[in-house]
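The values are calculated or read from the model by the stated rules, or taken from the named source; none is laboratory data. Just so we're clear, the structure is a prediction, and the values are computed from it rather than from any experiment. No Cβ is skipped: glycine too gets one built from the backbone with ideal geometry, and neighbour counts run over all protein chains shown. Accessible surface areas use protein heavy atoms only, side chains included; no ligands, DNA or RNA. Shrake-Rupley method; radii C 1.70, N 1.55, O 1.52, S 1.80 Å.
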Amino acid sequence: MIAHPGGAVREDRDPTMDDVARRARVSRATVSRVFQEGSSVSPAAEIAVREAARELGYVPNLAASGLAGGNRGQLGLLVRDATNPAYGHIHAELHRAVRAHARTLVSVTAFRHEYGDAEVEGLRRLLGLRMAGLFVGSGVTPPEDLRAPSRAVPLIVLGRPNDDDALESVSYDERAHGRMMVEEVAAAGHRRLAVLGAPVLYSRVFDLRIRSAVERAEELGLHVERIELLPVADGVRRALTAAREQALTCIVTPVDYVALELLRAAREQGVRVPEDVSVVGFDGLADGLDLIGLATIRLPVATIALDAAARMEHLLDRPAARPATQGLPARHALHAGEFVAGATLAAP
């Protein structure tokens with residue numbers, strides 16, 4: 001399309017920023033500022049520019065503007081398996097939290113059965129888009145793969161266990177959650193437990209929850225039978241078999257979706273929950289858990305997102321506070337959730 005003197009555009013080329021400026025009767029610089037998050041223009045100018053862009057069908061080249069300006073208003077998020085309610089909720093809450101600081105979030109995701117390599121590639125893509133800062137919401141990628149990105153831009157590990165002195169983090173207190181759950185199970189009268197666990201490479205979150213649960217159970221003098229979780233379909237059947245053969249009265253799963261798989265397997269086998277065995281999980285975020293009555297620990301997702309967004313602003317405003325480039329100790333914030341009582345946990 002080719003622009004005519006009156007602001008019309010011929011259809012043999014795409015509209016440009018100059019076309020929008022002519023139509024809106026503003027400068028090209030004003031149009032550029034309108035489409036850069038965090039830049040300031042008058043309300044009247046922004047309305048005129050956005051209306052002109054809509055009429056012309058103009059779509060700003062955000063990648064190009066990022067190369068020119070460093071995408072100062074955009075933050076990147078690597079999130080693991082957005083189909084998992086815990087990650088889906090942090091994705092939504094973090095979008096809301098960064099918008100309160102006049103920024104936008106660009107996200108990439110891995111999947112449940114993809115491990116470190118896929119996540120590292122996602123981080124590289126975000127760095128290539130020149131994000132101002134990065135959030136990493138994954139329990140898989142090891143700290144050594146996060147240190148290089150954290151030297152390029154401010155980086156905050158989100159939700160997962162982290163004690164690396166070079167990596168900032170705002171996390172759920174999974175050690176407290178594991179201990180909290182076992183205390184509730186013990187208070188219900190259970191003394192013989194099955195605990196489903198997975199290798200740390202599968203999930204650092206699962207590993208810390210279960211290790212902490214076992215630690216607290218041993219302190220309380222409870223009997224614990226450890227069951228290998230993976231693959232999940234086999235793991236839940238192994239747990240039900242162990243409960244039946246060894247008179248175990250409660251099965252502790254590392255996450256709600258595993259607890260739901262166990263409930264399905266129990267129904268298929270004719271095992272009654274909680275009459276024959278109690279079942280508990282962690283996360284407390286999936287829709288309908290109240291209808292199922294699953295006893296679980298609900299994660300404080302909104303609190304995590306608000307804290308992480310505020311901390312990112314601090315690191316962006318004060319580069320000297322960044323641990324990766326200044327040799328300072330990283331800040332590790334922990335937030336505990338709450339126990340949600342449910343019908344799947346009852347006295348043995």
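Here are a few things to note about the model shown:
- Matching option when the condition is touching a Gly at 6+ places or on another chain (Cβ under 8 Å) and not aromatic (Phe, Trp, Tyr), among Leu289, Leu240: Leu289
- Options Val195, Val170; residue that is within 30 Å of Ala152 (Cβ to Cβ) and touching a Lys or Arg at 6+ places or on another chain (Cβ under 8 Å): Val170
- Number of positions in segment 241-261 that are in a helix (DSSP H, G or I) and open to solvent by 50 Å² or more (accessible area, probe 1.4 Å): 4
- Helices (runs of 4 or more DSSP H) enclosed by segment 129-239 - at least 2 residues per element that are free of Cβ contacts under 8 Å to residues at least 24 places away in the same chain, over 24 Å from Tyr87 (Cβ atoms) and open to solvent by 10 Å² or more (accessible area, probe 1.4 Å): 204-219
- The C-beta contact set for segment 259-280 (first residue closer than 18 Å to Ala233 by Cβ, second residue modelled with pLDDT of 95 or more and open to solvent by 60 Å² or more (accessible area, probe 1.4 Å), distance under 6 angstrom, 6+ apart or interchain) comprises Ala265/Arg237.
- In segment 296-317, the count of residues that are in a loop (DSSP other than H, G, I, E, B), within 23 Å of Arg147 (Cα to Cα), open to solvent by less than 50 Å² (accessible area, probe 1.4 Å) and of a type in the set (D, E, K, R) is zero.
- Scanning segment 292-320 for residues that are in contact (Cβ under 8 Å) with a residue 40 or more places away in the chain and β-branched (Val, Ile, Thr) returns Ile292, Thr296, Ile297, Val301, Ile304.
- Scoring Leu328 on the criteria (1) assigned to a helix (DSSP H, G or I); (2) more than 24 Å from Ala259 (Cβ to Cβ); (3) at pLDDT below 95 leaves a single failure, condition (1).
- Taking the conditions (1) closer than 18 Å to Val205 by Cβ; (2) in contact with a helix residue (DSSP H, G or I) (Cβ under 7 Å, 6 or more places away or on another chain) in turn, Arg237 satisfies each one other than (1).
- Only one entry in Arg80, Arg96 is charged (D, E, K, R), modelled with pLDDT of 80 or more and surrounded by fewer than 24 Cβ atoms within 10 Å (Cβ to Cβ), namely Arg96.
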